[in-house]
Amino acid sequence: MRAWEIEMALTANFAVFDRRRYLVVPNISWGLGLTHECDLLCMTPAQYLHEVEIKVSVYDLKRDADKRHGHSSRIIKWLWFAGPAAMEAALLEHAPAGAGVICVGARNTIPQCVRIREATVRPEHRKITAHERYKLARLGYIRYWDAREALERVLREHVQAPG
């Protein structure tokens, strides 16, 4: 299972971070004063943030423990680790204390997300400000247009390619 497949499963209709309910932005590393990259930032309607760290291999999961930032930020209320269902034991063993664990598997080719362990509320958290909400939405907007431009480029090359 690849990271983008986990992202899509987590943010699908009626999933854990349904993108119709949450403002979800992938790969945030600048603009919000973070000292690390967040694979997914998910803002609740009440303006609190979930960080989701996506892991696709046990090696990647173990390497995360060596990072100095510890996924710390006052704007993150909950931290989650998500990965393939086959990694459930490793996720439970290596995800930091207090981090929730979500496993993604497929049932009849439809991705299924299961909360294995709930995330605990980080005591130092705070709501994000109106300015930070604007920045988060703007970063999502930039991601959208960058992806659309890349898709248009691929489509143009495909249509113009001989054969």
Select from segment 58-93 the residues that are without any contact (Cβ under 8 Å) to a residue 24 or more places away in the chain and within 18 Å of N27 (Cβ to Cβ) and write down the one among them that is surrounded by the fewest Cβ atoms within 10 Å (Cβ to Cβ). R63
For L61, the lone unmet condition from (1) of a type in the set (A, V, I, L, M); (2) assigned to a helix (DSSP H, G or I); (3) more than 22 Å from L32 (Cα to Cα); (4) out of contact with any His (no Cβ under 9 Å at 6 or more places or on another chain) is (4)
Cβ contacts < 7 Å: first residue under 20 Å from Q47 (Cβ atoms), restricted to segment 5-28; second residue outside any strand (DSSP E or B) and hydroxyl-bearing (S, T, Y), any location; separation 6+ or different chain. Result? F17/T11; D18/T11; R19/T11; Y22/T44; V24/T11
Given (1) closer than 22 Å to L10 by Cβ; (2) in contact with a Phe, Trp or Tyr (Cβ under 7 Å, 6 or more places away or on another chain), number of the condition I128 does not satisfy: (2)
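Let me confirm something: among C113, C103, which residue is within 19 Å of V58 (Cα to Cα), free of Cβ contacts under 8 Å to residues at least 40 places away in the same chain and crowded, with 17+ Cβ neighbours inside 10 Å?
Matching residue, one of C113, C103: C103.
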The one condition T109 fails out of (1) in contact with a Leu (Cβ under 8 Å, 6 or more places away or on another chain); (2) closer than 15 Å to E5 by Cα; (3) among the polar types (S, T, N, Q) is (1)
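Within 14 Å of E51 (Cβ to Cβ) and exposed (fewer than 12 other Cβ atoms within 10 Å of the Cβ), is that true of E149?
Considered against the rule, which asks whether it is within 14 Å of E51 (Cβ to Cβ) and exposed (fewer than 12 other Cβ atoms within 10 Å of the Cβ), E149 comes out as no.
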Take the conditions among the hydrophobic types (A, V, I, L, M, F, W, C) and either at pLDDT below 90 or closer than 26 Å to G140 by Cβ (or both) and apply them to V58. Does it pass? no
Within segment 12-48, tally of residues that are assigned to a strand (DSSP E or B), surrounded by fewer than 18 Cβ atoms within 10 Å (Cβ to Cβ) and modelled with pLDDT under 95: 1
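The values are calculated or read from the model by the stated rules, or taken from the named source; none is laboratory data. Everything quoted here is computed from the prediction, not taken from an experiment. Methodologically, a virtual Cβ is constructed for each residue, glycine included, from the backbone with ideal geometry; neighbour enumeration extends over all protein chains shown.
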